[in-house]
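Inspection log for the structure reproduced underneath, given as structure tokens.
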Amino acid sequence: MLVHPQFDPIAIQLGPLAVRWYGLMYLVAFALLWAGGRWRIAHRPGSVWTVKDLDDALFYGILGTIAGGRLGYVFFYKLGDYLPEPWRIFYVWEGGMSFHGGMIGVIFAMWLFARSRKQDWLRITDFIAPLVPLGLAAGRLGNFINAELWGRPSDVPWAMVFPNADGVPRHPSQLYEFALEGVVLFLLLWWYSAKPRPRGAVSGLFLIGYGTFRFAVEFTRQPDSFLGLLALGLTMGQWLSLPMVALGVFMMVWAHRTQPRTA
């Protein structure tokens, strides 16, 4: 049995200004996406991307992540709590973000970006998709540092006691997600996108990979206390991941049957 290190939630204190680890992880996430994108631009001959395109796409992506993540949390998880007081949607300091909502927000933001550049939307998402797991990895480390979104009770040797829980050893599910949704998915997409693939195939593989890994890890993650298990004993995260996998399979089949290979 392990004990959570109980990190100080404040990473940097500069007088009255306190920089928290969770917020810092968001900055790390976007910095990793920016660095990875610059590397792809420099090492992929024939790429239509420029550094300015990347900077602008990242700006769109940040807005999509924040707006989509917040609205997704409200609509997918706590709609009943916010309907009587809808202005609380803007109280982001109270916490509450949803990956699936953030993904929808980023997809919409990339559509707006593609329109503004008169470029093909799927070519944009195919470029961005291999970079996203870098941000996911940083986010899951932030969850672990904050000792939130812990796992279900377990007797595995690496089970961990989390503060503010019940003293019961639990799966460190944040680290499982860091490993699968972050590291493994990054390596898979980076390898797959190293060669020209049909338009939309890389985006489809991202949907399949994330949806599959998230669905699997949810079996070790403690369900949200205000929701519990839903139909068929699945969590909200699992139900939201199933359409991702289905859409990803459809995109992969469609891409390989109808689309040309692109750089």
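The values are calculated or read from the model by the stated rules, or taken from the named source; none is laboratory data. Everything quoted here is computed from the prediction, not taken from an experiment. Here Cβ is always computed from backbone atoms with ideal geometry, including for glycine, and neighbour counts include all displayed protein chains.
What to note about this one:
- Restricting the range 213-263 to residues that are touching a helix residue (DSSP H, G or I) at 6+ places or on another chain (Cβ under 8 Å) and assigned to a strand (DSSP E or B), the residue that is surrounded by the fewest Cβ atoms within 10 Å (Cβ to Cβ) is 262.
- Looking across the range 3-55, just one residue is at negative phi, among the polar types (S, T, N, Q) and touching a residue at least 24 places away in the same chain (Cβ under 8 Å), and that is 47.
- Among the conditions (1) over 17 Å from residue 113 (Cβ atoms); (2) touching a helix residue (DSSP H, G or I) at 6+ places or on another chain (Cβ under 6 Å); (3) outside the structural domain of residue 137 (by TED's automatic domain parsing), residue 43 misses just one, which is (2).
- Condition check for residue 205: surrounded by fewer than 21 Cβ atoms within 10 Å (Cβ to Cβ) and not small (Gly, Ala, Ser): no
- Qualifying positions in the range 138-169 - surrounded by 22 or more Cβ atoms within 10 Å (Cβ to Cβ), out of contact with any Leu (no Cβ under 7 Å at 6 or more places or on another chain) and not in a helix (DSSP H, G or I): 150, 151, 162
- Among the residues making up the range 97-121, a single one is part of a loop (DSSP other than H, G, I, E, B) and among the hydroxyl-bearing types (Ser, Thr, Tyr): 98.
- Residue list for the range 20-34, filter: surrounded by 13 or more Cβ atoms within 10 Å (Cβ to Cβ) and aliphatic (A, V, I, L, M): 24, 25, 28, 29, 31, 32, 33
- Leading residue by the ranking (nearest to residue 47 (Cα to Cα)) among those in the range 104-132 that are without any contact (Cβ under 8 Å) to a residue 60 or more places away in the chain and within 16 Å of the chain's Cα centre (by Cα): 110
- Residue that is at pLDDT below 90, of a type in the set (D, E, K, R) and surrounded by fewer than 16 Cβ atoms within 10 Å (Cβ to Cβ), where the choices are 38, 44: 44
Here is a yes/no grid of residues against (1) more than 26 Å from residue 192 (Cβ to Cβ); (2) of a type in the set (Val, Ile, Thr); (3) outside any helix (DSSP H, G or I):
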{"residue": "8", "(1), (2), (3)": "yes, no, yes"}
{"residue": "13", "(1), (2), (3)": "yes, no, yes"}
{"residue": "22", "(1), (2), (3)": "yes, no, no"}
{"residue": "36", "(1), (2), (3)": "no, no, no"}
{"residue": "41", "(1), (2), (3)": "no, yes, no"}
{"residue": "47", "(1), (2), (3)": "no, no, yes"}
{"residue": "54", "(1), (2), (3)": "no, no, no"}
{"residue": "61", "(1), (2), (3)": "no, no, no"}
{"residue": "66", "(1), (2), (3)": "yes, yes, no"}
